[in-house]
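What follows is a short report on a single structure.
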Amino acid sequence: MGNSQASSASNMEVREFIQNEINKNDVVIFSKSYCGYCTQTKQTFQSKGITSGVTVHELDRIENGSGIQQELAKMTKQRTVPNVFVKGQHIGGNDNTQRAFSTGEIEKLLNAN
């Protein structure tokens, strides 16, 4: 997880950062360290034994976190965290993530080639 994003980074640079993270990681969780729903999402991945290939970006602790959250809202139409991606696919927030686990969607995405 890099903190290379300058606070004056353009929207295009922020979008490229987000897209690169989504493309290079099996799971990306855009989170905030104090958010209970974010904690629940991260704990669910851990409890399912999914820790390898998971990248978490704590938007309240990284440079330009608010800019990243704003760009995520434009990309996904979701303004809240957690904002979860699995194998490049937007899953959504905690409720959607829990639902995707219960239906087997996340495991299916992770096991697809």
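FYI, it's all coordinate maths here, none of it is from the lab. All figures in this text were calculated on a predicted structure; none of them were measured in a lab. Quick reminder, even Gly has a Cβ in these numbers, built from the backbone with ideal geometry, and neighbours come from all protein chains shown.
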Taking the chain, the lysine pairs whose C-alpha atoms sit under 23 Å apart (8 or more places apart or on different chains) add up to 20
Given the -39500 (n - 2.57) contribution per DSSP H run of 4+ residues, what per-residue ellipticity at 222 nm results for the chain, rounded to the nearest 500 deg cm²/dmol?
-14500 deg cm²/dmol
For residue 110, the net charge from surrounding residues (Cβ-Cβ under 12 Å; K, R +1; D, E -1) works out to 0
Net charge near residue 98: determine it from the other residues with C-beta under 15 Å of the C-beta of residue 98, scoring Lys and Arg +1 and Asp and Glu -1.
0
Can you tell me the alpha carbon radius of gyration of the chain divided by the globular rule-of-thumb value 2.2 N^0.38 Å?
1.00
Taking 0.36 nm per residue of separation between residue 89 and residue 66 and subtracting their Cα-Cα distance, the length gained on full extension comes to 6.1 nm
What is the calculated FRET efficiency for residue 74 to residue 43, with r their C-beta to C-beta distance and R₀ = 30 Å, to the nearest 0.05?
0.60
Counting other beta carbons within 10 Å of each Cβ, put 26, 95 in order, fewest first.
95, 26
Could you work out the relative contact order of the range 11-111? I mean the mean sequence separation of Cα pairs under 8 Å and 6+ apart, divided by the number of residues, in percent.
32 percent
Can you sort 13, 71 by how many other beta carbons sit within 10 Å, fewest first?
13, 71
Sparse-neighbourhood loop sites, chymotrypsin sites (Phe, Trp or Tyr not before Pro) in the range 1-107 - DSSP loop, at most 16 other Cβ within 10 angstrom
34
Along the range 60-75, Karplus-curve 3J(HN,Hα) (6.51, -1.76, 1.60; θ = phi - 60°) to the nearest Hz, with x for Gly and Pro, reads 7, 10, 10, 4, 6, x, 5, x, 5, 5, 5, 5, 4, 4, 5, 6
